[in-house]
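Notes follow the structure.
The values are calculated or read from the model by the stated rules, or taken from the named source; none is laboratory data. What you see is a predicted model; the values in this text were computed from it and never measured. With ideal geometry, Cβ positions are generated from the backbone for all residues, glycine too; neighbour counts draw on all protein chains shown.
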Amino acid sequence: MKKFLFAVAALALSACGGAAGAGSCSVNTAGLPNYCINYSGSAYTSSQVQTACSSAKGTYSSGACSTGGGGICTFQKGTSTEYKWTFGAADAGAGVSIEMICTQAGGSFSAS
């Protein structure tokens with residue numbers, strides 16, 4: 001459900017302008033791998049990312065997500081609304097296919 005919430009939030013935020021590198025949001029979900037969302041597209045502002053992150057009960061950071069070795073799921077690659085889910089190595093071994101979660105959500109998976 002939180003993944004859907006962030007997909008909707010990302011689409012809603014895309015209507016507004018902003019600077020590149022608006023921050024990131026670390027999300028911990030019960031029963032699912034934890035992930036960090038990097039809002040790399042230029043359409044996002046830090047204020048918008050903070051609001052979306054707060055709504056999802058995540059932790060906002062003005063910096064980018066660390067590349068934890070579990071993989072990266074990119075959405076809307078190369079656009080002003082690009083964002084990435086970054087998974088840590090511990091999440092990759094959590095018994096859930098991160099690649100499957102990514103592709104089912106419409107993203108493009110790459111190992112990190």
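A few comments on the model shown:
- Cross-chain or 6+ apart pairs with Cβ under 8 Å, the stretch 90-109 first and basic (Lys, Arg), then at pLDDT 85 or above and assigned to a loop (DSSP other than H, G, I, E, B): none
- Taken over the stretch 39-65, the criterion of being surrounded by 14 or more Cβ atoms within 10 Å (Cβ to Cβ), in a loop (DSSP other than H, G, I, E, B) and not hydrophobic (A, V, I, L, M, F, W, C) is satisfied by TYR39, SER40, GLY41, SER42, TYR44, THR45, GLY58.
- Candidate set: the stretch 76-95, residues that are surrounded by 14 or more Cβ atoms within 10 Å (Cβ to Cβ) and assigned to a loop (DSSP other than H, G, I, E, B); chosen: the one modelled with the lowest pLDDT: ALA94
- GLY68 of a type outside the set (A, V, I, L, M) and touching a residue at least 40 places away in the same chain (Cβ under 8 Å): yes
- Any hit, the stretch 10-24, residues being at pLDDT below 70, of a type in the set (S, T, N, Q) and not in a helix (DSSP H, G or I): yes
- Flag for GLY31 being within 17 Å of SER112 (Cβ to Cβ) and surrounded by fewer than 22 Cβ atoms within 10 Å (Cβ to Cβ): no
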